[in-house]
C-alpha cells in the first residue's frame, strides 16, 4: 500500500473522530464528497462506505496493521468497538425481559466493585478482628445484599428467575456464597435500614449505569472519547426510562445516598462511606 | 461532543462548612458536607475547559496555563525579577552592563540550559524594556497571599459569592497597581496571553472584596478597588479592564464546574462533552494536553481494567484533600482567633526583627505551646508563618529554631522585608499532626493517572518489562509464577 493512500485514509479517520467529538451523531460523522483518490484509497483498504452524504471510512471490516499502528487508527478502532457496545446496550434495553435483569446485575456489580469502605469501629463492634476478614466477608455478601434489595425495592420475590435471561449474555450474574459471612456484613451495614431509604428509581439508575460500565470495561474501551460515546447513549436511554433529566437523576441519587448516610449514623458517626458504595460510575 | 460552555445553570449556591464542621466536631469521612475552597488557578483552569478542571481536581494536574517543561524557567524568571526589584527598593540599582552578571550570580545553582533559556528568551527582552523604568520604591511587594470565603461576582442584579484565594505576583502600593507576570506572549501581541487578564482580575476581585476590618493595620486605608491591573509579559504590558461582564460570567461558569465535578453533580462524560478542543485540533498551549490526548499503548493489555480499579480512588482522594486542606482554609477565614487557638493551630505574636533570613517574634510562651508540641512529639520544625492577616498577608515557610523567654526565633529564608507586625504561626501544610499531608493525596492522584496512561507499543519491550508483566498479573489474566518453577 502506498504511503499517500495511508495518509488519505488517516485523514478520513481523523474527520470521523473530529465530527463525533464535535457532537455529530455516528451516522452523520465522517462524510465527504466523493473524490476519486479518496474512493480508491478507501476501497484498497476495504474501508469504503457510500451514502447519500458522500463517502466515508467504513465502521465495519478489519483495519489493516499499518493503520492500527497509527494513533488515529488505534482510536478509530476503539470508537468502532464503542459503537458496537452502544448498539448492544440499545438491544438489551429494548428487550423487556432483559431490562430488570440488567439493572440487578449492574447493582450487584456496583456493590462488588465498591469493596465497602466501612468505619473500623463498626467492624470491631460486630466482631470482625481485621480488615482482611471484612474483605473476605463482603465478597461473599453481594448476593444476599442484592437479593434483599431486589425483594424490598424492586418488589421481586424470586431474583434467580429474573436473572435467568442473563444466562445467554456476557453480563455478570451474582453468585450465592457463604451465608454466615453475608449476614454479618448485612448487620454491619444496617442493610435493612438502608433498604427502607433506597428508592426504586435510584436503584434502577445505578444498576443500569453500572451494567453499561461493565460493558465498557469488558469491551476493553481505552479512550475517553469512546467511553463518552457509550455513556451519552446510555444516559439518553436512562432519561427516557426514568423520565427525568440527567441533572435530575444525578441529584436524585446524591440526595438519596445523603439520606442513607444521615439515617444510618451511629452515635453521630457515619458507619460507612456511602457515597463510595452507592455511587454513579465516574 | 463539544458543546458550548455557556449551557450551564448559573449561579450555583456554594456550601461553606457549618460551625460544627469548622470546629472539627464532625468525623472527617466520606464526601464532605461543603464545597471546595478553590484557588485562582483552579478557577482559571475551569474557565479554560471543564476537562482541565477535571484533571486538576481528580488527577492532580496543576496550572494548565503553564506547559510541563516551562515550570523551571517560569519560576526562575519570577524569582529573579523579585530579587532585582527588592534590591532596587533599597537603592541598589543595576546597570545594563552588570545585569547579566547579577543574573548569573543569582542563578548559579541552576542548570546551564535552563539558565540560558530563561535569560535569552524571557529575561533579556524584559530587562531591555524595563530596566530603565525601575525606580526606588519600597512599596512593592511580591507573592502576596489573598483570600476571602465570600467574594461577590455580579450576575444581573445579584451578587452571589464564592470562596477564592491566591497569590499575587506583585503589588505596587506607590503606583497603585497589581501585576500578573508571565513568560507567555510574543513581541507582536496586541492582547495579553489567554486567561492572564482573567487571572489578575480574579486576584483583584478577592482583594477588593475584603472587609476593611480584616485588612492588616498598615494597609487599612488603601482602596484596592482603584488599583490598575497589569499583565506583564517579557515584551509587553497590558492594562486590564476591571469592569468586564465577560469575566463575571466566566467565573460563574467555572465555579459551576468546580462544584459539580467535586460533588458528583457531573462526571467525566459531561466534562468531555464540553471539552474546549478536540483530538484533531488540540490546544498545543494547554498544560493538560498530555493528559487528554495521545496514544493508548498496546501494553498493558488490561488498561481498561486498570482504569476501572483506579478511578474509584480519584474522588475519595479529592475528598481527603477537601477535609485536610480546603477545610483548613475555611477555618482560617471563618473561625475566630480563639477557636483557632483552641484547635491548637494558631500561635500569634508580634514581629520584632527580620534580619538575614531570621525572624524574631514576640510571643507569650503559653501561646507558643502548639509549636513546641509539634517539635517535641514528632520533630516537626516546619511551620506556616502568616504575616498580616489570613485575608491579606504573606505566607512563608518558617523553620522553628528556638524560643528564649518571650522571643521566638524562626528561619524564613530569603525574605527581605515585611510591612506588618502581626505574625501568626500555624502547622505547616505538610504537618502530620494537624491532618494527613494533603499534597500526598494529590501526588497519589497524579501518579495513578500517569500509570493509567503509561505503557509500551512494542511486543518485545512489553514482554520483558517487569512492571508491564506485574500489571498484567494484578489487573489482567496473566498468572504470576515464581522463577525456577
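The values are calculated or read from the model by the stated rules, or taken from the named source; none is laboratory data. Keep in mind the model is a prediction, meaning the values are calculated, not measured. With ideal geometry, Cβ positions are generated from the backbone for all residues, glycine too; neighbour counts draw on all protein chains shown.
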| When you go through (1) within 11 Å of chain A (Cβ to nearest Cβ); (2) more than 21 Å from the chain's Cα centre (by Cα) one by one for residue B:319, which number turns out not to apply? | (2)
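Does residue A:240 satisfy the condition of being part of a helix (DSSP H, G or I) and either facing chain B (nearest Cβ under 7 Å) or out of contact with any helix residue (DSSP H, G or I) (no Cβ under 7 Å at 6 or more places or on another chain) (or both)?
Numbers: part of a helix (DSSP H, G or I): yes; either facing chain B (nearest Cβ under 7 Å) or out of contact with any helix residue (DSSP H, G or I) (no Cβ under 7 Å at 6 or more places or on another chain) (or both): yes.
Spelling it out, residue A:240 is indeed part of a helix (DSSP H, G or I) and either facing chain B (nearest Cβ under 7 Å) or out of contact with any helix residue (DSSP H, G or I) (no Cβ under 7 Å at 6 or more places or on another chain) (or both).
Could you please let me know if residue A:268 is touching a residue at least 12 places away in the same chain (Cβ under 8 Å) and either within 11 Å of another protein chain (Cβ to nearest Cβ) or surrounded by fewer than 17 Cβ atoms within 10 Å (Cβ to Cβ) (or both)? It would help to see each step written out before you state the result.
Working: touching a residue at least 12 places away in the same chain (Cβ under 8 Å): no; either within 11 Å of another protein chain (Cβ to nearest Cβ) or surrounded by fewer than 17 Cβ atoms within 10 Å (Cβ to Cβ) (or both): yes.
No: the conditions fail for residue A:268.
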| Quick one: residue A:275 ticks every box in (1) farther than 30 Å from residue A:81 by Cα; (2) more than 9 Å from every other protein chain (Cβ to nearest Cβ) bar one, so which box is it? | (2)
| field | segment A:16-34, residues that are touching a strand residue (DSSP E or B) at 6+ places or on another chain (Cβ under 8 Å) and within 13 Å of chain B (Cβ to nearest Cβ) | value | A:16, A:29, A:30
| task | Please go through segment B:7-43 and pick out each residue that is within 20 Å of the chain's Cα centre (by Cα) and on the phi > 0 side of the Ramachandran plot. | result | none
| request: Of all residues in segment A:6-60, count the ones that are at negative phi and in a loop (DSSP other than H, G, I, E, B). | output: 15
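What number of residues within segment B:216-225 satisfy the criterion of being touching a helix residue (DSSP H, G or I) at 6+ places or on another chain (Cβ under 9 Å) and assigned to a helix (DSSP H, G or I)?
Keep residues of segment B:216-225 that are touching a helix residue (DSSP H, G or I) at 6+ places or on another chain (Cβ under 9 Å), which gives B:220-221, B:223-225.
Now drop any that are not assigned to a helix (DSSP H, G or I), which leaves B:224-225.
Here the count works out to 2.
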| field | Scope segment A:243-257; condition more than 7 Å from every other protein chain (Cβ to nearest Cβ) and touching a residue at least 12 places away in the same chain (Cβ under 8 Å); matching residues | value | A:244, A:249, A:252, A:253, A:256, A:257
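Within segment B:315-360, take every residue that is part of a loop (DSSP other than H, G, I, E, B) and out of contact with any helix residue (DSSP H, G or I) (no Cβ under 8 Å at 6 or more places or on another chain) and give me the one that is surrounded by the fewest Cβ atoms within 10 Å (Cβ to Cβ). Give the derivation first.
First pass over segment B:315-360, keeping only residues part of a loop (DSSP other than H, G, I, E, B): B:335-336, B:343-346, B:356-357.
Then drop every residue that is not out of contact with any helix residue (DSSP H, G or I) (no Cβ under 8 Å at 6 or more places or on another chain), which leaves B:336, B:356-357.
Values: B:336: 8, B:356: 6, B:357: 13.
By that ranking, first place goes to B:356.
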| task | Could you run through segment B:179-196 and say how many residues are out of contact with any helix residue (DSSP H, G or I) (no Cβ under 8 Å at 6 or more places or on another chain) and crowded, with 22+ Cβ neighbours inside 10 Å? | result | 2
| said: Go through segment B:449-485 and report how many residues are touching a helix residue (DSSP H, G or I) at 6+ places or on another chain (Cβ under 8 Å), closer than 30 Å to residue B:318 by Cβ and either without any contact (Cβ under 8 Å) to a residue 24 or more places away in the chain or in a loop (DSSP other than H, G, I, E, B) (or both). | reply: 2
| field | Identity of the residue in segment B:288-310, closer than 15 Å to residue A:213 by Cβ, in contact (Cβ under 8 Å) with a residue 12 or more places away in the chain and surrounded by fewer than 21 Cβ atoms within 10 Å (Cβ to Cβ), that ends up nearest to the other protein chains (Cβ to nearest Cβ) | value | B:305
| Across segment A:93-132, which residue is surrounded by the most Cβ atoms within 10 Å (Cβ to Cβ) among those that are out of contact with any helix residue (DSSP H, G or I) (no Cβ under 7 Å at 6 or more places or on another chain) and under 30 Å from residue A:58 (Cβ atoms)? | A:95
| remark: When residue B:62 is run through (1) in contact with a helix residue (DSSP H, G or I) (Cβ under 8 Å, 6 or more places away or on another chain); (2) within 12 Å of another protein chain (Cβ to nearest Cβ), the failure sits at (2)
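Return yes when residue A:194 is assigned by TED's automatic domain parsing to the domain that holds residue A:216 and within 30 Å of residue A:96 (Cβ to Cβ) and no when it is not. Steps first, answer last, please.
Details: assigned by TED's automatic domain parsing to the domain that holds residue A:216: yes; within 30 Å of residue A:96 (Cβ to Cβ): yes.
Answer is yes for this residue.
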| task | Kindly check whether there is at least one residue in segment B:267-287 that is outside any loop (DSSP other than H, G, I, E, B), within 27 Å of residue B:456 (Cβ to Cβ) and more than 7 Å from chain A (Cβ to nearest Cβ). | result | no
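Which one of these is over 23 Å from the mean Cα position of the chain (by Cα), at pLDDT 95 or above and in a strand (DSSP E or B): B:179, B:230, B:239, B:168? Before the answer, list the steps.
Working: B:179 fails: over 23 Å from the mean Cα position of the chain (by Cα); B:230 fails: over 23 Å from the mean Cα position of the chain (by Cα); B:168 fails: over 23 Å from the mean Cα position of the chain (by Cα).
Among B:179, B:230, B:239, B:168, only B:239 is over 23 Å from the mean Cα position of the chain (by Cα), at pLDDT 95 or above and in a strand (DSSP E or B).
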| task | Inspect segment A:194-202 for any residue being part of a helix (DSSP H, G or I), at pLDDT below 95 and more than 10 Å from every other protein chain (Cβ to nearest Cβ) and give the result as yes or no. | result | no
| query | What are the pairs, 6+ residues apart or on separate chains, where a residue within segment A:146-157 that is farther than 17 Å from residue A:185 by Cβ and assigned by TED's automatic domain parsing to the domain that holds residue A:176 has its Cβ under 6 Å from a residue that is buried (at least 16 other Cβ atoms within 10 Å of the Cβ) and at pLDDT 95 or above? | reply | A:153/A:198; A:153/A:203; A:156/A:150
| query | Which of the following residues is crowded, with 21+ Cβ neighbours inside 10 Å, away from chain B (no Cβ under 13 Å) and modelled with pLDDT under 95: A:63, A:90? | reply | A:63
